[in-house]
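Some notes on the structure that comes next.
The values are calculated or read from the model by the stated rules, or taken from the named source; none is laboratory data. Worth saying up front: this structure is predicted, and the values here are computed from it rather than measured. Virtual Cβ from ideal backbone geometry, glycine too; neighbours counted across all protein chains shown. Ligands, DNA and RNA are stripped out before the accessible areas are found, and what is left, the full protein with its side chains, is counted by its heavy atoms. Shrake-Rupley method; radii C 1.70, N 1.55, O 1.52, S 1.80 Å.
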Amino acid sequence: MDYKKRILVTGGAGFIGSHVVRLLTNKYPDYLVVNFDKLTYAGNLENLSDVEHKENYVFFKGDITSSTDVKNAFDQYAISDVIHLAAESHVDRSIEGPMDFVMTNVVGTVNLLQNAKDNWNDGDHVFHHVSTDEVYGSLGEEGLFEETTSYDPRSPYSASKASSDHFVSAFYHTYNLPIKMSNCSNNYGSHHFPEKLIPLMILNIQNNKPLPVYGKGENIRDWLWVEDHARAIDTIFHNGRIGESYNVGGLNEWTNIELVKYLCQLMDKKLGRISGESEQLITYVTDRKGHDMRYAIDASKLENELGWTPSIQFEEGLEKTVDWYLANQSWIEKVTSGAYQSYYNEMYSNR
Ligand code: NAD
Ligand code: TYD
């Protein structure tokens, strides 16, 4: 078939990537969506079981740090556009071992940029780089991250993402590569690997395990429904201006302890427990090293310029998320078997 676009979505088997692949595959039958993923511990093709049979979807197992893998994918599918989500994404893992983050997030991104530059001599192309608000560092009590906020990454994860953002920008300025960039706040929703706060707490509440809250639980995160992030990527990819970056967020700040307590109450109801029972599981543990205090995003550029707004309130999204985890035990068993257990013991047993 003569597809209008042939989009390489890197990291399409991960949490956010699978939502982006699902949206594109369903919404644009005239696009070919090539899910390029190494299938690390965080990538799971079952995340896409509802779209894998579609004619306009293909999976390519590859590593973004391998020039051969990336070149083969570009050649085989005549890639016209890239939406780049593949990354090592967990701050705690980056503290334990930064080098994988440098390899995938920095070297892998430059490898993709290089291939796009070599392949796209003319015509209508977009390289959309998906990044995080963590590149801006940590906020005090006041203020929001804007697109013009100076970069000040403080964890190995955010340093690697900041570096990748700079390379993306450098390829635009130096080689005129048609790039777009988005920096989003913390996502939540279905298919979220249970190393991150919300899915980890849901699983531990369900299994009556301690709920490890770092430090005093006073750190603040700005949470966004993952499907709203996927919609924002769709909007920016199609309508955003070349060379621009857009912040994505929902003005939805919660301290970690407020959020964990809210989840406890919600799950008490879902599991038929007496009110307050799950809160007993809260355990304050040693703080994360260099723990950023507060993230909060000003998404007004995206809202005013491109008309995007979040579609769902946090309380409703959290309930949907909890329901999804309770209804998808086989997914949980699959992703938490094997390596997850040793990760969990290493990260939490002596904390
Ligand atoms: P994730 O860890 O769930 O998924 C990452 C995916 O990338 C996995 O499918 C994994 O197999 C794949 N991958 C990793 N290394 C690879 C490599 N070398 N080659 C090919 N594939 C590889 O991550 P996520 O939470 O879905 O995040 C996706 C992107 O969005 C990342 O770039 C992340 O920095 C960014 N982001 C995430 C959040 C969030 O809250 N999760 C917020 C803002 C931005
Ligand atoms: P996380 O989901 O790892 O996202 P990020 O660090 O990228 O924001 O963590 C969200 C917040 O929750 C962060 O302030 C750290 C905290 N946290 C805990 O208190 N306990 C945990 O077990 C985890 C994983 C995170």
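Taken over the range 154-186, residues that are under 22 Å from Ser300 (Cβ atoms) and in a loop (DSSP other than H, G, I, E, B) amount to 1. Here the range 62-82 is the region considered, the condition is being of a type in the set (Val, Ile, Thr) and within 10 Å of ligand 1 (Cβ to nearest atom), and the residue that is nearest to Lys38 (Cα to Cα) is Ile64.
Filter the range 188-220 for residues that are among the small types (Gly, Ala, Ser) and more than 14 Å from Ile257 (Cα to Cα); which is nearest to ligand 2 (Cβ to nearest atom)? In this case the residue turns out to be Gly189. Return yes or no: is Asn350 away from ligand 2 (no atom under 16 Å from the Cβ) and of a type in the set (S, T, N, Q)? Considered against the rule, which asks whether it is away from ligand 2 (no atom under 16 Å from the Cβ) and of a type in the set (S, T, N, Q), Asn350 comes out as no.
When we screen Gly250, Gly240 for residues that are touching a Pro at 6+ places or on another chain (Cβ under 8 Å) and either open to solvent by less than 30 Å² (accessible area, probe 1.4 Å) or not charged (D, E, K, R) (or both), the only hit is Gly250. Listed conditions (1) under 21 Å from Tyr262 (Cβ atoms); (2) within 16 Å of ligand 1 (Cβ to nearest atom) are all met by Phe167, apart from (1).
Quick test for you: out of Asp228, Asp234, Asp292, Asp287, pick the one residue that is open to solvent by 60 Å² or more (accessible area, probe 1.4 Å) and in contact (Cβ under 8 Å) with a residue 24 or more places away in the chain.
Step by step, each of Asp228, Asp234, Asp292, Asp287 is checked, and only Asp287 is open to solvent by 60 Å² or more (accessible area, probe 1.4 Å) and in contact (Cβ under 8 Å) with a residue 24 or more places away in the chain.
When we screen Glu319, Glu346, Glu303, Glu333 for residues that are within 20 Å of Leu263 (Cα to Cα) and of a type in the set (Asp, Glu), the only hit is Glu319. Test Leu32 against the criterion of being buried (at least 17 other Cβ atoms within 10 Å of the Cβ) and among the aliphatic types (A, V, I, L, M), and give yes or no. Judged against the criteria, Leu32 is a match.
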